[in-house]
Amino acid sequence: MNSLLDDDRMSFRGRIGRPKVMRKGHLHHEIELNYLFSGTITYLAHGVLTAIRPGRLVVFWGAVPHQVIEKSKDARMAWISIPLPWFLGWSLSETFIRQLLQGRFIQAKQDLLDAKTCERWCNDIASGSVQRSEIALLEIEARIRRQALEPLNRRALARPPSQSMAKVEYMARYIATHYRESIYIRDVIAETGLNPAYATTLFRKSCGMTLQYYLKLHRIFHAQRLLATTDSKIIDVALESGFNSVSQFYDAFNHICRESPRKYRMRMRER
């Protein structure tokens with residue numbers, strides 16, 4: 001069974017195209033930039049429905065399990081991924097970094113220059129030219145530095161979800177809020193008032209994964225953040241991320257990330 005982790009290597013990529021509704025959530029190591037040229041898309045990420053506005057540069061950490069659950073027919077956007085160690089090396093404000101690594105989608109103020117700029121970045125990155133890619137990276141760093149100076153905006157909410165999707169969001173949000181605690185799936189379902197069998201089926205059909213796996217993803221996401229940004233011992237990372245034992249943590253981490261926590265930390269530091 002393939003992991004939800006998309007990348008085997010750190011990568012700097014950029015492309016333009018039409019977004020697709022995802023059957024299941026996914027995650028990856030890099031910082032992701034989105035720019036919507038037209039239309040609308042809605043993400044489910046970190047237990048929250050977030051509508052992406054056209055004409056605004058959006059930044060988030062791809063290690064947050066995220067999923068496009070809705071998009072308009074005219075949606076067209078740019079995707080750019082930046083290796084996390086490169087991004088952390090820019091020494092941005094602690095507030096900006098903390099919000100990002102806690103799973104927040106940060107949307108910049110509307111800037112008409114961003115449309116042509118994002119298109120140029122993607123073309124430069126895809127050109128195969130090292131020099132053009134380096135220039136694009138410098139320009140992206142400057143743009144993100146400017147964005148980090150802006151007051152953090154409240155997330156833009158999607159239109160009110162259907163009753164069933166509202167229950168899915170509630171379960172996802174409950175997990176995103178309590179995943180570091182000793183919670184069980186029955187606790188999550190009990191909060192919705194739904195029949196357990198119906199709730200688990202509804203979540204699996206909507207998100208492409210079970211509630212148990214979604215809970216595990218959030219715990220691994222938190223562990224990745226700690227491994228990449230702190231010197232905490234592995235056992236402390238495991239317990240801080242909501243796992244009851246180190247062996248349970250190692251099994252989950254190896255299954256999802258296809259490498260050990262120690263190797264992941266070393267690879268992030270080397271990059």
Suppose R0 equals 51 Å; then what is the FRET efficiency for residue 90 and residue 205 from their Cβ-Cβ distance, rounded to the nearest 0.05? 0.80
Roughly how much of residue 167 is accessible, in Å² to the nearest 10, using a 1.4 Å probe? 60
The alpha-carbon center of region 36-113 and that of region 159-221 are separated, in whole Å, by 22
How large is ³J(HN,Hα) for each residue in region 193-200, as worked out from phi by the Karplus curve 6.51 cos²θ - 1.76 cosθ + 1.60 (θ = phi - 60°), to whole Hz, x for Gly and Pro? x, 8, 4, x, 5, 5, 4, 5
So what does residue 61 come to for accessible area, using a 1.4 Å probe and Å² rounded to 10? 0
Points 7 angstrom from Cα along the Cβ direction at residue 232 and residue 141: gap in nanometres? 2.9
Using the Karplus curve 6.51 cos²θ - 1.76 cosθ + 1.60 with θ = phi - 60°, work out ³J(HN,Hα) for each residue of region 67-84 in order, rounded to whole Hz, and write x for Gly and Pro. 7, 6, 9, 7, 7, 7, 5, 8, 5, 9, 8, 10, 10, 9, 10, 10, x, 4
27 Å Cα-Cα reach of residue 205 towards lysines, excluding residues that sit fewer than 8 places from it in its own chain: 20, 24, 71, 73, 167, 216
Could you work out how far apart the two model spin labels at residue 248 and residue 198 are, taking each label as a point 7 Å from the Cα in the direction of the beta carbon, and quote it in nm? 3.0
From the P(r) of the chain, can you give the percent of Cα pairs sitting at distances over 29 Å? 32
For region 185-190, take each phi angle, set θ = phi - 60°, evaluate the Karplus expression 6.51 cos²θ - 1.76 cosθ + 1.60, and give the result in whole Hz per residue in order, putting x for glycine and proline. 4, 4, 5, 4, 5, 4
Hey, with R₀ at 35 Å, roughly what FRET efficiency would residue 129 and residue 18 work out to, going by the Cβ-Cβ distance, to 0.05? 0.85
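The values are calculated or read from the model by the stated rules, or taken from the named source; none is laboratory data. Every value quoted in this text rests on a predicted model; they were computed, and no experiment measured them. Positions of Cβ are generated from backbone atoms using ideal geometry, with glycine treated the same way; all protein chains shown enter the neighbour counts. Surface accessibility is based on the protein's heavy atoms, side chains included, excluding ligands, DNA and RNA. Shrake-Rupley method; radii C 1.70, N 1.55, O 1.52, S 1.80 Å.
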